[in-house]
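These notes are about the structure you will find just below.
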Amino acid sequence: MNFLRNTGDNHSSGEIRSEQNAHRRQEDRKRILVAGGAGFLGSHLCERLLGAGHQVICIDNFSTGLRRNIEHLKRSNAFSVIAGDIAEPIDLDVDEIYNLAYSASPHYQADPIHTTKTCVIGSLNLLELAARRRARIFQASTPEAPREPNVQPQAESYWGNVNPFGTHSYDRGKRCAEAMFFDFRKTQVGIKIIRIFNTYGPRMRVDDGRIISNFIVQALKGENITIYGNGSRTRSFCFIDDLIDGFVRVMASSPSMTGPFNLGNPEEFTIDELAEQVVQLTGSRSKIIHRPLPINHPRQPRPDISLAMRELDWRPKVNLSAGLARTIRYFDGLLAGADQTLTEVV
C-alpha cells in the first residue's frame, strides 16, 4: 500500500545551498530521509543537510510539526515533502535515515497509544527500510529512556531507574526503539543512537510547554514568569545549532560508533538565573513568581558528554545568552499580532 504523497513545491535551490556545495561531486551527494522533518529539530536538520548539498526527503504527519518550519526549504529542488506517518509502511530509495518522528512532552500525553506506535512500529518500519536499502539509520532517543536518574551527571552507560508501570508512553517507546536498533545491528544494519538533553532555539512551538519557551513567551507578553519550586534547581540547555552539528558528526562517524551518544550542554544554570536572563534580554517588566513544586516532580539529568567529546570532537559552542537572544527574536516575530496560549509543563 502506497499511502505517501508529495506535498512539496519545488523551486530553485540557490538560496538554500552555498555555491561551494552546489558543485559537490555527484558521488558525494546522498538521498536522506528525515522522519519528523517539519518539527523543531527536524527542520533545522533538513536545512543543514540541504546546505551540505544532499537531497532531502522530509516525512511528517504534521501532528506537532509545522509547515511554516519548512516553507523556506521548498525553494530548493533538492527538497521534497511527504505527508505521511511512519507508523504505516514506507518504501523509498535512500542512503541515510534520521528518525526524529515523535511527539515530545506535553503532546505525547494527548494520544499515548499513537505515541507508542510511532516510537515502536514507526521505528520498526524505518529499520526495515534501512535493511532493504542498506542505509545507515539514526535514532533520536532521550535520556528518559533509562528514566528517573539517580546519578548526576548521566553517562551513556547508566542503566536507569525504571518504573515499568508508569504513565510515560514516550519513555517506554524510546526504550523499546533502542532495543530494536541494537537487534537490527546484528543483521548488519548500520545504526546510530543519540540521547538528546534539553535543547532550545528558533522554531520551538509556543505551546510546547518547555521551560525556555514558556519563560520567553511570558516575558514578551508581560505576564508573570512562573517558577515551580524555590528556583534553586539547576538545568542545562543546549542550543539547536550545536545539537544539529552533533547529529551530523554522529551519522558520519565510523560504523563501529553506534552509540548511544549523549548530546547536550553540561553547563548548569538555576531556574532563577534562567528567568532573570530572559527578563533582562527581553527588556520585560514581568515579575518572577514561585509556586509549590509538584509531588514526584521528575529530576532533569545533566549530560556527561565525555564520549562525544572524545570520539566525535564535539562540544557545545553557543553560550546561553547568545542562544536566548536568537530564540527571543524568533518568538518576538512569531507573537507579533498573535494571541498564543501556553501549555505549562513543570
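The values are calculated or read from the model by the stated rules, or taken from the named source; none is laboratory data. Keep in mind that what you see is a predicted model, and the values were worked out from it rather than measured. Heads up, the Cβs are rebuilt from the backbone with ideal geometry, glycines too, and the neighbour counts pull from every protein chain shown. Just so you know, the surface numbers come from the protein's heavy atoms only, side chains and all, with ligands and any DNA or RNA stripped out. Shrake-Rupley method; radii C 1.70, N 1.55, O 1.52, S 1.80 Å.
Points worth noting:
- Rounded accessible area per residue of region 221-303, 1.4 Å, Å²: 47 Å²
- Sequence-distant residues sharing a close amide H with ILE82 (under 5 Å, placed H): THR7, CYS58, ILE59, ASP60
- Between region 190-258 and region 76-102, the alpha-carbon center distance in angstrom: 23 Å
- Sorting the segments 272-280, 174-182 by their mean number of nearby beta carbons within 10 angstrom, highest to lowest, gives 174-182, 272-280.
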